[in-house]
1. Could the peptides 135-144, 51-60 be put in order, highest first, of the mean number of other beta-carbon atoms found within 10 Å of their residues?
2. For the chain, take the longest principal axis of its alpha carbons; what is the angle in degrees between that and the long axis of helix 34-55, to the nearest 10 within 0 to 90?
3. Roughly how many debye, to the nearest 20, is the charge dipole of segment 3-147 about its Cα centre, given +1 on each Lys and Arg Cβ, -1 on each Asp and Glu Cβ, and no other charges?
4. Which listed residue (Val48, Pro21, Ala144) has the Cα farthest towards the positive end of the charge dipole for the chain, taking +1 on Lys and Arg C-beta and -1 on Asp and Glu C-beta about the Cα centre?
5. In percent, what relative contact order does segment 7-139 have, based on Cα pairs under 8 Å that are 6 or more apart in sequence?
6. Which label marks the calculated value of Kirkwood radius over Cα pairs in Å, given the options [x] 17.6; [y] 19.0; [z] 15.7?
7. Take the Cα of Phe74, step 7 Å along the line toward its Cβ, and report every residue of segment 21-60 whose backbone nitrogen sits under 18 Å from that point.
Amino acid sequence: MRHDPRRTSLDPYPLRRTITPLFGDTDALGHINNVSIARYFEQARVMVMESVSSVLGGRHPFERAVLAKIEINFLAEVFYPHEIVVATGVQHIGTSSLVIASALFQKDRCVALADSVDVSTAAEGGSRPVPDDSRVALEKFRLAYTE
């Protein structure tokens, strides 16, 4: 993944949450392990969906959603027990999919970036267009720069 350098700043991300890593998130060298970092990015995706759901009066933005892809770029080591800021927002809204751009910051430094693609699906299978009201709600959480 080639990343836009603007993504290594907290500024463009509309949603942020501070988390405290657990000792169990570490490897033998005291680093936060890669599986834990993937879980932190999962929290970022959930943060977007919860925020959009609150705009929609508690309704999920999609009938169903499937994580189709996640790509993580590790930029620096992440250490226990220092707090991590998870920052996230909507990067792109397609016909039936959504790209969520997220970043992890520790001690004011960007340590990892992730792009995930969620696809709107129907219960009977197959993709389904992003509903118009969901599209409007998702726009409220778009990264603060143009693509």
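Read-outs: derived from the displayed coordinates by stated rules, not from any lab. No experiment lies behind these values; they were computed from the predicted model shown. Cβ placement follows ideal geometry from the backbone for every residue including glycine, while neighbour counts extend to all protein chains displayed.
1. The peptides rank, most packed first, as 135-144, 51-60.
2. Here the helix axis deviates by roughly 40 degrees.
3. Dipole size: approximately 180 debye.
4. Going by the charge dipole, the pick is Ala144.
5. Answer for segment 7-139 is 30 percent.
6. [z]
7. Output list for this probe position: 21-42.
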